[in-house]
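In what follows, a structure is listed as C-alpha cells, so that the remarks can point back to it.
Values quoted throughout were computed directly from the atomic coordinates according to the rules given, and no laboratory measurement underlies them. What you are looking at is a predicted structure, and each value in this text was computed from that prediction instead of being measured. Heads up, the Cβs are rebuilt from the backbone with ideal geometry, glycines too, and the neighbour counts pull from every protein chain shown.
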Amino acid sequence: MTICLLKSKIHRAAVTGASLDYEGSLTIAADLAEKVGLRRYERILVGNMANGERFETYVILGAAGSGAIELNGATAHLGKVGDRLTIMSFGHYEPREADRHAPKVILLDAHNAVVRDDTKH
C-alpha cells in the first residue's frame, strides 16, 4: 500500500501571462519548479485564489529567473494576469517513507520572488 501526500507546493504564484493558442499546460519558471522538485510534464493541481477555480494540468518549464507563471490553452480561461495561484503536486509513498516525508514548499511575493523557502528539510 502507498499513501498519496503533497510533494511540492508553490504558494501565491502570480500569473504573468496567458495564451489561448497554446496546446495546454502551465508554464513555471525553471528555477521555481526546480526549487520544489517539479519536473517538466509533471501532473499538477492548481487552485486560483482569485476565483476559486481548481484544475489539473502539467508543467512546462519557462526561462529561469523570469518569474514566469503562464496559463496556456484551456487553462487561460481559468485566470488572468495578476491572479494568485497555489500549484501542487503529489507523490505516492510507502508508509515508512510517509512517516519521514515533508513537502517542498515555497511562498512567492507579487513579483514571484521567493519570500519563504521550506525546501531544506
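Work out, step by step, the length gained on full extension between R43 and L107: first 0.36 nm times the residue separation, then minus their alpha carbon distance; give nm to one decimal.
Stretched fully, the R43-L107 segment lengthens by 21.0 nm.
Given H placed on each backbone N at 1.01 Å, which residues far from E42 in sequence or on other chains put an amide H within less than 5 Å of it?
Residues meeting the amide H criterion: V59.
I need the calculated FRET efficiency for the pair H92 and A14, taking r as the beta carbon distance and R₀ as 35 Å, to the nearest 0.05. Present the calculation step by step, with values, prior to reporting the outcome.
Working: r = 30 Å, r/R0 = 0.87.
So the FRET efficiency works out to roughly 0.70.
Report the antiparallel proportion of the DSSP beta bridges in region 3-108 as a percent, rounded to a multiple of 5.
Working: 23 of 34 bridges.
In region 3-108, approximately 70 percent of DSSP beta bridges are antiparallel ones.
Taking amide hydrogens as modeled 1.01 Å from N in the peptide plane, which residues meet the under 5 Å criterion relative to N72, leaving out close sequence neighbours?
S19, S25, T27
Taking H as built 1.01 Å from N, whose amide H comes closer than 5 Å to the amide H of K104, not counting residues under 5 places away?
Here S8, K9 satisfy the definition.
Which ³J(HN,Hα) values, rounded to whole Hz and listed in residue order, are derived for region 44-54 from phi using the Karplus coefficients 6.51, -1.76 and 1.60 in 6.51 cos²θ - 1.76 cosθ + 1.60 with θ = phi - 60°, glycine and proline given as x?
Each residue of region 44-54 in turn: 9, 10, 10, x, 9, 5, 7, 10, x, 5, 10 Hz.
Arranged by the count of other C-beta atoms within 10 angstrom, fewest first, what order do K35, K9 take?
Listing K35, K9 from fewest to most nearby Cβ atoms yields K35, K9.
With point charges of +1 on the Cβ of Lys and Arg and -1 on the Cβ of Asp and Glu, referenced to the Cα centre of the chain, which listed residue (L32, V105, T86) lies farthest in the positive direction of the dipole?
The residue sitting farthest along the positive end of the dipole is V105.
Kirkwood Rh over Cα pairs of the chain into Stokes-Einstein at 37 °C, 0.692 mPa s: D in µm²/s?
Rounded to a whole number, D works out at 229 µm²/s.
Return the loop-located chymotrypsin sites (Phe, Trp or Tyr not before Pro) in region 9-58 (DSSP other than H, G, I, E, B) with at most 16 other Cβ atoms within 10 Å of their own Cβ; answer none if there are none. Write out the running numbers ahead of the final one.
Details: sites: Y22, Y41, F55, Y58; in loops: Y22, Y41.
In loop regions of region 9-58 (DSSP not H, G, I, E or B), the sparsely surrounded chymotrypsin sites (Phe, Trp or Tyr not before Pro) are Y22, Y41.
What whole-number value in cubic angstrom gives the convex hull volume per residue for the C-alpha atoms of region 64-121?
Working: hull volume 7.2 nm³, N = 58.
In region 64-121, the Cα convex hull volume per residue is 125 Å³.
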